[in-house]
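Here is the structure we will look at.
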Amino acid sequence: MFTRLVTKSLRVRRERLLISIIAVMLGAAMVTSLMTISLDIREQMGKELRSYGANLVVLPGEGEYINQFNATHNSIIGSVSFLYFKAGVNAKKIDFAGADLEAARKMNPWWHIEGALPGQQELLPGINAAKKLGLKIGDPLIVGEKSFKVSGILDTGTSDDNRIFITMEAAEQISDRSGATLVQVSVLGDIDEVIRYLENEGYKVKKIRQVAQSEKALLDKTQLLISLVAFFVLSASSLTLFSTMVTSVLERSREIGLMKALGCGNGRLAAMFLAEAGAMGAAGGIPGYFVGLLLSQFIGIEIFDMQVSIKPEVFVLTVLISVLVAAVSSLLPIRRAISIDPVIILRGE
Amino acid sequence: MIIAKNLVKKYDTTCALKDASFTIEKGEWANIMGPSGSGKTTLLNLIGCLDSPTSGSLLVNGIETTKLSQKERTRFRRENIGLVFQQFHMIPHLTALENVMIAQYFHSIEDEKEAKEALVHVGMEHRLHHLPSQLSGGEQQRVCIARALINQPRIILADEPTGNLDKTNEEAVLDIFRKLHSEGRTIVIVTHNPEIGEIGDKIIQISHGEVKY
């Protein structure tokens with residue numbers, strides 16, 4: 001009977017309830033966008049920041065080389081040591097870099113390699129170095145007393161295009177040095193804490209990748225803006241629901257009086273109105289979630305260039321918040337309904 | 001059994017009921033009569049625990065109802081009183097059957113079969129699934145009587161139950177009350193109608209809030 005009372009009551013007033021449901025839907029859409037951006041885009045941005053590669057460069061504190069970079073910190077998710085040196089090629093001084101090139105490519109995912117990574121007797125000139133020396137894939141090149149073959153051409157869009165990359169072993173042999181002149185470090189988490197840690201370990205540390213910070217600031221600002229909009233839209237939804245419920249109580253005062261005269265207790269009456277409000281909340285919240293999803297997809301693509309993914313917890317939270325807002329908005333009208341005197345029924349008012 | 005002693009009901013400065021004292025025995029049919037504004041409905045409200053008196057004592061089925069809280073009065077009304085109104089108040093979006101079942105629901109648990117039987121009892125078996133707007137005044141009043149009877153109340157209170165009915169429907173409704181009376185129910189009816197006054201066992205006359213009987 002309870003369900004029948006609530007559903008029939010909602011059905012007869014469905015046209016008038018539509019405005020409230022639309023208001024809740026808009027609020028729910030904002031909540032969904034906010035949560036999707038907070039959860040999903042933040043998570044994706046974390047991944048993207050990782051894909052930006054290194055965000056710190058570690059240099060030797062004393063001396064010229066880092067013999068063994070063995071820093072261990074929870075936030076350090078990867079590191080690659082580079083040995084930079086100059087060597088004569090065809091009577092020209094050329095910059096060389098030795099490294100674990102497989103690891104270096106992972107750390108610098110924007111590297112574009114035409115050909116392949118070099119093996120032991122191979123090298124990988126940057127696009128500018130290759131032009132300068134007139135090198136093509138497969139060409140031989142003598143460096144010092146060793147002969148190499150060009151395995152590929154590297155295009156990074158950075159100053160690395162001026163270098164020739166070789167394996168660390170080959171670099172140590174040619175330069176007759178060991179250790180690293182620079183270590184690229186990838187940090188996920190509190191970058192400043194890692195800097196303090198590395199400085200304590202005796203290294204010189206430089207921050208790179210300011211992009212990450214500016215993207216994060218943009219995300220924070222977008223999130224704040226959506227929070228404000230969500231707050232105002234939810235407040236407006238709440239007011240609309242409140243006025244709908246007040247009107248409903250006023251219009252139905254005879255019906256309420258009759259129910260009370262027939263022995264309906266206050267608890268049951270409150271439960272009926274709460275169920276009606278909750279149903280309106282859910283009726284607005286569910287489509288609101290899908291509208292919000294479209295909105296966050298738009299924000300994700302237009303501002304952050306990311307596709308958002310569907311998270312079931314956002315759906316559950318959106319509907320819960322919508323129902324809660326509807327329930328809270330109807331508390332005062334319910335109090336009014338409870339205070340209706342059943343005597344009005346006999347008075348014929 | 002209903003025993004009222006020195007019942008007073010005041011609204012601000014207006015005294016709607018002055019020292020009303022009377023007794024209605026179990027199974028009796030009492031008619032409360034008097035001109036408009038004399039305090040008839042006020043008295044019915046007090047007996048039906050819809051309102052509480054300013055002072056005095058009112059024993060209904062052995063319970064001093066003037067001492068009950070609002071919650072207790074609601075429960076008492078639910079369990080002991082059947083109400084029939086002049087304007088046959090019904091929930092507009094519920095069918096005749098559902099309007100009867102709602103009283104069961106507030107009382108304990110709804111039983112569709114029993115609700116149908118109550119409607120059959122008042123000759124409404126052909127209108128079970130009609131909405132109030134699809135029923136005539138007489139039919140609506142019969143549904144209201146079925147609703148008042150569904151929880152087997154010991155006392156039936158009716159406020160001008162035939163006030164809005166034509167002669168045929170008035171007779172049909174009065175027949176139902178006669179039947180209930182013969183079954184031993186206590187019936188209290190507020191009425192202007194002298195013909196109804198003649199049917200009852202007792203007339204409680206009210207004039208300017210004062211009871212004479």
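Where a number appears in this text, it was derived from the coordinates with a stated rule and is not lab data. Predicted model, so just to flag it, every value in this text is computed and none were measured. With ideal geometry, Cβ positions are generated from the backbone for all residues, glycine too; neighbour counts draw on all protein chains shown.
Per-residue shielding of B:93-106, expressed as the average number of other chain Cβ atoms within 10 Å of the residue Cβ, stands at 4.
The modelled label-to-label distance for the pair A:Lys92/A:Lys136, using points 7 Å beyond Cα in the direction of Cβ, is 1.7 nm. Hydrodynamic estimate: the Kirkwood radius of region A:56-208 over Cα pairs, inserted into Stokes-Einstein at 25 °C and 0.890 mPa s, corresponds to D of 153 µm²/s. Using Cα-Cα distances under 8 Å and only pairs 6 or more residues apart, what relative contact order does region A:48-168 have, in percent? It comes to 28 percent, rounded to a whole number.
For the options A:Ala261, A:Ala104, A:Ala270, a Gaussian network treatment of chain A with springs between C-alpha atoms closer than 10 Å singles out A:Ala261 as fluctuating the most.
Looking at region A:101-260, the DSSP beta bridges with both ends there are about 75 percent antiparallel. Our estimate of slack between B:Gln134 and B:Lys167, defined as 0.36 nm per intervening residue step minus the Cα-Cα distance, is 9.9 nm. When the pairs B:Lys10/B:Lys40; B:Lys167/B:Lys212; A:Lys260/B:Lys179 are compared against a 18 Å limit on Cα-Cα distance, B:Lys167/B:Lys212; A:Lys260/B:Lys179 fall above it. Evaluating 6.51 cos²θ - 1.76 cosθ + 1.60 at θ = phi - 60° for every residue in region A:184-201, the Karplus couplings come out as 8, 10, 9, 10, 10, x, 6, 5, 5, 5, 5, 4, 4, 4, 5, 5, 5, 6 Hz, glycine and proline recorded as x. Spacing of the modelled spin labels on B:Glu198 and A:Gln68, each 7 Å from Cα toward Cβ, amounts to 12.2 nm. Per residue of peptide A:261-271, the mean number of Cβ atoms on other chains within 10 Å of the residue Cβ is 6. On the basis of the beta-carbon distance and an R0 of 35 Å, A:Ser243 and A:Asp192 show a calculated FRET efficiency of 0.10.
Taking B:Val60, B:Val120, B:Val190 in turn, the Gaussian network model of chain B (Cα-Cα springs below 10 Å) assigns the largest fluctuation to B:Val120. Here the dipole of the protein assembly as shown is about 840 debye; that uses its Cα centre as origin and unit charges on the Cβ of Lys and Arg (positive) and Asp and Glu (negative).
Mean residue ellipticity, 222 nm, helices only, chain B: the sum of -39500 (n - 2.57) across DSSP H runs of n ≥ 4, divided by residue count and rounded to 500, is -11000 deg cm²/dmol.
Using C-alpha pairs under 8 Å with a sequence gap of at least 6, the mean separation divided by the residue count of region A:134-176 gives a relative contact order of 30 percent.
As a proxy for reagent exposure, A:Phe290, A:Phe165 were ordered by neighbouring Cβ count within 10 angstrom, fewest first; the result is A:Phe290, A:Phe165.
Treat the count of other C-beta atoms within 10 Å as a stand-in for reagent exposure and order A:Val31, A:Val12 from fewest to most. Write out the running numbers ahead of the final one.
Details: A:Val31 28, A:Val12 13.
In increasing order of surrounding Cβ atoms, one gets A:Val12, A:Val31.
If R0 is 56 Å, the Cβ-Cβ spacing of A:Ile303 and A:Ser178 corresponds to a FRET efficiency of close to 0.75. Principal-axis analysis of the Cα atoms of chain B puts helix B:167-182 at an angle of about 70° to the longest axis. Taking Cα centre as origin and charging only the Cβ of basic (Lys, Arg, +1) and acidic (Asp, Glu, -1) residues, the dipole magnitude of chain B rounds to 640 debye.
Pair-distance distribution P(r) for chain A, from all Cα-Cα distances in 20 Å bins starting at 0: 24, 31, 21, 16, 7, 1 percent.
Short-range pairs are left out: with C-alpha atoms under 8 Å and at least six residues apart, the relative contact order of chain A is 30 percent. The spacing between region B:153-182 and region A:66-104, judged by their C-alpha centroids, is 103 Å. For the pair B:Tyr11 and A:Asn266, a Förster radius of 25 Å applied to the C-beta separation gives a FRET efficiency near 0.60, rounded to the nearest 0.05. Running Debye on region A:142-257 with equal point scatterers at the Cα sites and no solvent, what base-10 log of I(q)/I(0) appears at q = 0.19 Å⁻¹? Result of the Debye calculation: -1.15. What's the angle, to the nearest 10 degrees (0 to 90), between helix B:112-121's Cα axis and the longest principal axis of chain B? Tilt of helix B:112-121: around 80 degrees.
Once you reduce region B:78-97 and region A:307-347 to the center of their Cα atoms, the two points are 28 Å from each other. Fewest-first ordering of A:Met35, A:Met245 by other beta carbons within 10 Å of each residue's beta carbon gives A:Met35, A:Met245.
Got a sec? Charge dipole of the protein assembly as shown, +1 on Cβ for Lys and Arg, -1 for Asp and Glu; which of A:Pro140, B:Gly56, A:Ser81 is way out at the positive end? Highest projection toward the positive end goes to B:Gly56.
Each residue of region B:6-15 is assigned a 3J(HN,Hα), and the resulting list reads 6, 6, 10, 10, 10, 10, 6, 9, 8, 9 Hz, derived from the Karplus form 6.51 cos²θ - 1.76 cosθ + 1.60 (θ = phi - 60°), x at Gly and Pro. Positive contributions from Lys and Arg (+1) and negative ones from Asp and Glu (-1), summed over other residues with Cβ under 10 Å from the Cβ of B:Ile24, come out at -1.
When the Gaussian network model of chain B links Cα atoms closer than 10 Å, the mean-square fluctuations of B:Gln87, B:Gln104, B:Gln134 top out at B:Gln134.
Principal-axis analysis of the Cα atoms of chain A puts helix A:42-51 at an angle of about 10° to the longest axis.
Taking only the C-alpha atoms of chain B, Rg followed by Dmax gives 16.7, 50 Å. Between A:Lys311 and A:Arg14, the contour length at 0.36 nm per residue exceeds the alpha carbon distance by 103.9 nm.
Proximity of backbone amide H atoms, modeled 1.01 Å from N, is registered between A:Gly78 and A:Ser186 at under 5 Å, excluding neighbours fewer than 5 places apart on the same chain. Taking every residue in A:152-160 and counting other chain Cβ atoms within 10 Å of its Cβ, the average works out to 0. Close amide H partners of B:Leu17, meaning residues 5 or more places away or on another chain with modelled amide H under 5 Å apart, are B:Lys9.
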